[in-house]
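Asker: I'd like to ask some things about the structure below.
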Amino acid sequence: MKKHLFTALLLLAAGFSEARETLPHESAAAETLRFTPATAPEIRFVGRAARSDDGALSFDWSGAYFSFRFEGTRCAMRAADSKRNYYNVFVDGKPHGKVTAEGPAKTIVLAEGLPHGVHTVLVQKRTEGEQGRTTLFAVGSDGPLLDAPQAPGRHIEFIGDSHTCGYGTEGKSPKEPFTPETENCDLTWGCIIARYFDADYTLIAHSGQGIVRNWGDEKEVSDCTMRERMMRTFDMEETPLWDFAQYRPDIVVIKLGSNDFSEGVAPSEEAFNASYAQALRQIRAAYGDVPVLCVAPAENTTVYGYLQTFLREQQDPALHCTVMTPGITDWGNDMGANFHPNHRGHRKLASAIIPYIATITGWEMPEKVVY
């Protein structure tokens, strides 16, 4: 039998401890696991993905996640990646580790040494589409897979930019440059809100994107913004388009506008609202009359003014608007890498939006910590 070969991943951040990876066929532990195809009913996947005939799932959007239950002490995933992506691993509802998917297919240990018994595992893609596309082939465990975890019965779709992706959330200083290792969508306002309401979520987000103009674009209307990307199965590929019959969220929350007003040309109200109207038409065609909440970013009050006009023009009873007012976060303790919010900052942003979602959906606001 080949010698064991383990690569230690000393990636200690935000409560995620060391995890480890095994190379293909070089771990006796991996050889003792029973593997189940990714598309099996015992594995619950949430997000946009393409299914292949061999039972694999391919996906690249930030925040895509899958969960499963098994009886045993050890589990793993068999996955490949076009570049390198980082994943959060939760066991029985608690952060357990952080693993890496990179290159050709390999067996990646998710958890081991657990007390023997029934465990629920959730694996979340913490990095965004630019970091690569993951193909999940199978999930392995040293005991039987059980029925998949139950769906919570609520679903929120967030459409956004770097703040929704979690760009720099684990950075220690606003002057620290961004690296993919510090990107963690689980610490963002969207995932915090989903946890608060005990809801599934999808993050349709890409750093630097706007609704009409992307970061630093010399043109008033960029060739490809979130209004185009939101229609895709993969963030980084124009085709295939997503089949919107796969799920229907209870509410869509859009937070865009920061990058539209980045350095250079500022979009006019007419151009901004025309692009927003196109995005709204796409949402209506995809999901019908689900509530849509437009959130203006705190750093630009112009966007809120544009959106107020947009609401009056649309006369859509299921369309709503709010704003994260300037000063809601500070530029020191609330910032991670490259002046993007850290977990503390994102908790503040989430707390500002939670009451609006509760009012719009009719969901209760439980007395619980926003985390």
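Asker: Suppose all protein chains stay in the model; what accessible area per residue would a 1.4 Å probe give for the chain, in Å²? Intermediate values should be presented prior to the final figure.
Answerer: Values: 15340 Å² over 371 residues.
Spelled out: the 1.4 Å probe surface of the chain, per residue, equals 41 Å².
Asker: Given (1) 20.6, 70; (2) 21.6, 69; (3) 21.1, 74, which label gives Rg and Dmax of the Cα atoms in Å as computed from the coordinates?
Answerer: Correct label is (1).
Asker: While we're on this one: Ranked from the most accessible area to the least, with a 1.4 Å probe and all protein chains present, what is the order of MET236, MET335? It would help to have the intermediate numbers written out before the result.
Answerer: On the way: MET236 80, MET335 10 Å².
Output order, biggest surface exposure first: MET236, MET335.
Asker: Okay, next question. Counting alpha carbon pairs within less than 8 Å and at least 6 residues apart, what relative contact order, in whole percent, applies to segment 256-319?
Answerer: Values: 38 pairs, mean separation 26.4, N = 64.
Relative contact order here is 41 percent.
Asker: Suppose a student asked you for the relative contact order of segment 105-222, using Cα pairs under 8 Å spaced at least 6 residues apart; what percent would you report? Let's see the in-between values first.
Answerer: Working: 132 pairs, mean separation 32.6, N = 118.
Relative contact order comes out at 28 percent.
Asker: Determine the calculated [θ] at 222 nm for the chain from helices alone, applying -39500 (n - 2.57) to every DSSP H run no shorter than 4 residues and normalising by the residue count; nearest 500 deg cm²/dmol.
Answerer: -6000 deg cm²/dmol
Asker: For VAL109, what accessible surface area do you get with a 1.4 Å probe? Give it in Å², rounded to 10.
Answerer: Taking all protein chains as shown, VAL109 has close to 10 Å².
Asker: I would also like to ask the following. With an 8 Å cut-off on Cα pairs and a minimum separation of 6 or more residues, tell me the relative contact order of segment 190-243 in percent. Don't skip to the end; give the middle numbers.
Answerer: Values: 47 pairs, mean separation 11.6, N = 54.
Over segment 190-243, the number comes to 21 percent.
Asker: Can you pull the accessible area of LYS219 for me, 1.4 Å probe, Å² to the nearest 10?
Answerer: About 90 Å², rounded to the nearest 10.
Asker: In the neighborhood of ALA358, defined by Cβ-to-Cβ distances under 13 Å, what is the net charge if each Lys or Arg adds +1 and each Asp or Glu adds -1?
Answerer: On the way: positive: ARG154, LYS368; negative: ASP198, ASP250, GLU364, GLU367.
Around ALA358, the charge tally is -2.
Asker: OK, next. What does the accessible area of LYS368 come to, in Å² to the nearest 10, when a probe of 1.4 Å is used?
Answerer: LYS368 has an accessible surface of roughly 80 Å² with all protein chains in place.
Asker: Could you work out what % of the accessible surface of the chain is carbon and sulfur, using a 1.4 angstrom probe and leaving DNA, RNA and ligands out of the count? Don't jump to the answer; show the numbers that get you there.
Answerer: Details: 7880 of 15340 Å².
Carbon and sulfur together cover 51 percent of it.
The values are calculated or read from the model by the stated rules, or taken from the named source; none is laboratory data. What you are looking at is a predicted structure, and each value in this text was computed from that prediction instead of being measured. A quick note on method: Cβ atoms are made from the backbone with ideal geometry, for glycine too, and the neighbour counts reach across all protein chains shown. Just so you know, the surface numbers come from the protein's heavy atoms only, side chains and all, with ligands and any DNA or RNA stripped out. Shrake-Rupley method; radii C 1.70, N 1.55, O 1.52, S 1.80 Å.
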